[in-house]
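Enquirer: What follows is a single structure, and I will ask about it in a moment.
The values are calculated or read from the model by the stated rules, or taken from the named source; none is laboratory data. Remember, it's a predicted structure, so these values are computed and weren't measured experimentally. Don't worry about glycine lacking a Cβ; one is built from the backbone with ideal geometry, like all the others, and counts go over all protein chains shown.
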Amino acid sequence: TRVWHLQQDEESNRQDIEEAAACLKEGKTVAFPTETVYGLGADARNTDAVAKIFTAKGRPSDNPLIVHIASTTQLLQLVKPWGELADRLMKRFWPGALTIVLPVKEGAVSALVTAGLDTLGVRMPQHRTALRLIESSGCPVAAPSANRSGRPSPTLAAHVAEDLSGSIDGLVDDGPAGVGLESTVIEIVEGLSGEAIRILRPGGVTREELQKLGHILEESDPAGSIGPEAAPRSPGMKYRHYAPRGSVRVVDGEPKHVQAHIRRELAAASIRGERTGVLAFEEHAGRYEADLVLSCGSLSDIRSAAHGLYAALREFDTQGIELIWAEACRAEGIGAAYMNRLIKAASNQLQHV
Ligand code: TXA
Ligand code: MG
């Protein structure tokens, strides 16, 4: 794996990005930073190149990839004409952490990218290096998160190297990713009262922000069943995901009950001789005794906690922690994505105490 470490110097960065872009053009796989997490890119039109992504990640072939673009001109070649709501969302949130699922133009990308669906997830990232790389390659760039399938997504080039070194062609190291959680994935649904948004995966753009631009269809919303019957859900969300090797338990409830519960469990686990960890908010981190207590931020700033979540989950692995208790937060704003990832890491188990 060839690694380009971007530096302060503009001229050497330009050369590095051009080399990386040339690799993409030749059908190679290149990992690169975005404002959400690091992605593993390949030319979306090249089936051999896209196949390398699935192999390197060990990704199930029924899980489609997001295609990254640098301009809306590029988008015209990939998807069918889109409606007014999609247009408003693009204008408001692109470049940015929003992936929009739209009907794909036949033959525009390799069938591996869409995993056989007739839709394509697309996004224009808000990261200078990512945009320059895509632009310079001239390719629509298919890029899932650059982790081994099932593991926490990479927010540093070192995480990518940890999972994929030797199995990908290139890696552009440009420091930490931004948000630290993946993009929000949405689809547009035709309902009785016009177009609406369905959130397939919560992420960097929040429900509260989306709500300002359009109606959000709830799971239970009866209008939801009116739309196209075969509306694809996000296939990726059915897998165990974002998980460290240790087993994760997420605990929700009154803070003092949560703390008492976790402390009791820690005591029992330490009698059994298990290596224990706690992922606590800064305010509570001092209240636990475990082999490793980590905090990635304050309860009053879930954005910063989100930024550090995946690095923390990886750190539990590095220290050989077998059992991890994590404090829940309110599932609003970026907290919705934070809780979604934690609960996936815990194989969908959430304990209320
Ligand atoms: O922030 C992100 O979105 C990062 C960076 C690299 O852009 N990428 C990312 O890709 O998280 P990945 O492959 O790890 O997750 C893509 C998600 C999966 O849950 C997948 O099932 C869903 O998007 N998806 C992709 N195409 C879809 C489609 N046509 N219909 C429904 N869901 C789709
Ligand atoms: Mg992923």
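Enquirer: Which condition from (1) more than 16 Å from ligand 2 (Cβ to nearest atom); (2) of a type in the set (A, V, I, L, M, F, W, C); (3) within 30 Å of LYS28 (Cβ to Cβ) is the one that ALA177 breaks?
Expert: Of everything listed in (1) more than 16 Å from ligand 2 (Cβ to nearest atom); (2) of a type in the set (A, V, I, L, M, F, W, C); (3) within 30 Å of LYS28 (Cβ to Cβ), ALA177 misses just condition (1).
Enquirer: Being more than 28 Å from GLU10 (Cα to Cα) and either within 9 Å of ligand 1 (Cβ to nearest atom) or surrounded by fewer than 24 Cβ atoms within 10 Å (Cβ to Cβ) (or both) narrows it down to one of GLY150, GLY170, so name that one.
Expert: Checking each option against the conditions leaves just GLY150.
Enquirer: What's the total number of residues in the stretch 149-160 that are touching a strand residue (DSSP E or B) at 6+ places or on another chain (Cβ under 8 Å) and either farther than 21 Å from LYS57 by Cα or in a loop (DSSP other than H, G, I, E, B) (or both)?
Expert: 2
Enquirer: Further, regarding this structure: Between THR114, THR129, THR99, which is touching a Gly at 6+ places or on another chain (Cβ under 7 Å) and at pLDDT 95 or above?
Expert: After applying the criteria, what remains is THR99.
Enquirer: Still on this model: Would you check if there is a residue in the stretch 286-293 being in a helix (DSSP H, G or I) and either hydroxyl-bearing (Ser, Thr, Tyr) or surrounded by fewer than 18 Cβ atoms within 10 Å (Cβ to Cβ) (or both)?
Expert: Yes, that holds for at least one residue.
Enquirer: Could you tell me which of the residues ALA49, ALA42 is of a type in the set (Gly, Ala, Ser) and in a helix (DSSP H, G or I)?
Expert: So the residue among ALA49, ALA42 that is of a type in the set (Gly, Ala, Ser) and in a helix (DSSP H, G or I) is ALA49.
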